[in-house]
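Before any comments, here is the structure.
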């Protein structure tokens, strides 16, 4: 008994230490990435100059580049990436399937179509657009659920219905964009694959607030969500409030992904990739949402930088993440098929 | 402290339009082991899920010490009544220690930290089930018998006064079946835990249960001691099986030997 006690408390402490270390490393990587994103680019600035601009001093030749161009872009990359990562991992955990990510099953596509429709056809701007995007994301989530319903909802059917809806919504986005001849290629790409190019500081605040609110809701339900991975009945037997957790996680997850999509476009595969990468790094033995958010933020920040400066031409971040994510999607679908759950 | 009383009164429940349970009235014997037996699809699991507060009653009610279970908060209920479904899912990559630790979930509020009492409960659950040596192993890599013991360890770590188990011996070979049932019997003896389990194997039910509940078509057909319920007549009525019941040479409890199914006998007669 005493040996067992020592063994398990030792293991638990080791686990907590490892988790703390991983989160600290991710945080440090984010801080360094953020600093580099402000310093590096067409013009390089030393840290001292960046610091002066951040403190609000007007620095000749640096204030515009850092304060107006790079800072909102880097902040948006981090916040939208975190929102995608956290929202995606929440859906994957709730539906117990890595393919059940909002960007695979059409929730991002729905938010994106709605945002494009509002901006291009209805000429809307401002905070109305994310609100409509969230409503559209929820609408798509409900539609998938109803279409997949056959007395009960199984993960595989929900995912197939979602993939189909996603394809339809993406072509709707492309159609709306094609009807707007004055639209630039950059802007079109933002809505088709996502970009943080041209992010403004005014967009950063609503994204940050959404992340705080929905992240808070998810943190409130995180433990119950984790226990629900054992199946609904086992979780209910452990005192989990299934209905409440399901609704809260869906609302918060759709909110995160839809607002991020309205701000940065449907940045391809970030929601889909962050959870599995975070699980690989931290081990799958604790709540995944925080590490997934950090991985999402890092993915968007690093891929945006790579798309701007490390590749022969300038690409929006969604193209880079798309290239990274597509092979993993193929791998997962093949694996599902081998397990015999693909259909 | 007297053990709590879990009770169904005039309970009807079901899924969708179908009513699986019809007017069930049953008081679970406190501090005893109850086995629910019956043919496939007779409502055994549905009754267990209703007792576990998973399925709302259409009519009648389930009460714990007189309070309707739907009025007890989920977490508070789970601190008193544990439920292990027939096929729980072991999350990918989870270790035995982590899985067993989840039994402590209902004991933690939103901000409660893991404490010494939690470590002690988990350690004891591992010891009692003989799974302490597996603590660091991946649950997916265990054999069927080991995995079942780990799930039971999780339910034990929950430290409830009542334990509901849906077919705890499925997928196990005969020695592991006996092992699991002896484990539950020991728990019942030492801690006075009330155990309710759905069992398929009548002879195991006869051997390990104090009370047998025989169900047929959503109703309770017979309830009482193994000797009262597991008679040739009841077995014919509940299962449509012609059998011979004799005393088990080891325990003296009833032992059932099938002669043949009544359906097959009728067919033969017609032919």
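The table for this structure:
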quantity: From the options A:79, A:26, residue that is part of a helix (DSSP H, G or I), over 22 Å from residue A:206 (Cα atoms), more than 14 Å from chain B (Cβ to nearest Cβ) and at pLDDT 90 or above; calculated: A:26
quantity: Strands (runs of 3 or more DSSP E) fully within the range B:8-94 counting 2 or more residues that are modelled with pLDDT of 90 or more and within 10 Å of chain A (Cβ to nearest Cβ); calculated: B:81-84
quantity: Check on residue B:109, at the interface with another protein chain (Cβ under 9 Å from one of its Cβ atoms) and in a loop (DSSP other than H, G, I, E, B); calculated: no
quantity: Test: residue A:49 is more than 17 Å from residue A:308 (Cβ to Cβ), in a helix (DSSP H, G or I), within 14 Å of chain B (Cβ to nearest Cβ) and touching a helix residue (DSSP H, G or I) at 6+ places or on another chain (Cβ under 8 Å); calculated: no
quantity: Criterion violated by residue A:6 - all others in (1) out of contact with any helix residue (DSSP H, G or I) (no Cβ under 7 Å at 6 or more places or on another chain); (2) touching a residue at least 24 places away in the same chain (Cβ under 8 Å) satisfied; calculated: (2)
quantity: Search result, residues across the range A:224-256 that are at the interface with another protein chain (Cβ under 7 Å from one of its Cβ atoms) and either under 18 Å from the mean Cα position of the chain (by Cα) or part of a helix (DSSP H, G or I) (or both); calculated: A:227, A:229, A:230, A:233, A:234, A:236, A:237
quantity: Boolean, residue B:251 is closer than 24 Å to residue B:19 by Cβ, touching a helix residue (DSSP H, G or I) at 6+ places or on another chain (Cβ under 7 Å) and not in a helix (DSSP H, G or I); calculated: no
quantity: Residue satisfying all of: in the range B:113-150; more than 10 Å from chain A (Cβ to nearest Cβ) and at pLDDT below 85; farthest from residue B:174 (Cα to Cα) among these; calculated: B:113
quantity: Sole exception among (1) under 25 Å from residue B:30 (Cα atoms); (2) modelled with pLDDT under 90 for residue B:176, by number; calculated: (1)
quantity: Yes/no for residue A:11 being within 14 Å of chain B (Cβ to nearest Cβ) and either in contact with a strand residue (DSSP E or B) (Cβ under 9 Å, 6 or more places away or on another chain) or farther than 30 Å from residue A:281 by Cα (or both); calculated: yes
quantity: Any chance residue B:186 is at pLDDT below 90 and in a helix (DSSP H, G or I); calculated: no
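Every residue, every condition in (1) under 20 Å from residue B:40 (Cβ atoms); (2) in contact (Cβ under 8 Å) with a residue 24 or more places away in the chain; (3) in contact with a strand residue (DSSP E or B) (Cβ under 8 Å, 6 or more places away or on another chain), yes or no:
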{"position": "B:206", "(1), (2), (3)": "yes, yes, yes"}
{"position": "B:216", "(1), (2), (3)": "yes, yes, yes"}
{"position": "B:225", "(1), (2), (3)": "no, no, yes"}
{"position": "B:233", "(1), (2), (3)": "no, no, no"}
{"position": "B:241", "(1), (2), (3)": "yes, no, yes"}
{"position": "B:246", "(1), (2), (3)": "no, no, yes"}
{"position": "B:260", "(1), (2), (3)": "yes, no, yes"}
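The values are calculated or read from the model by the stated rules, or taken from the named source; none is laboratory data. This one's a predicted model, so the numbers in the text were calculated from it and none came from an experiment. Cβ: placed from backbone, ideal geometry, glycine included. Neighbour counts: every protein chain shown.
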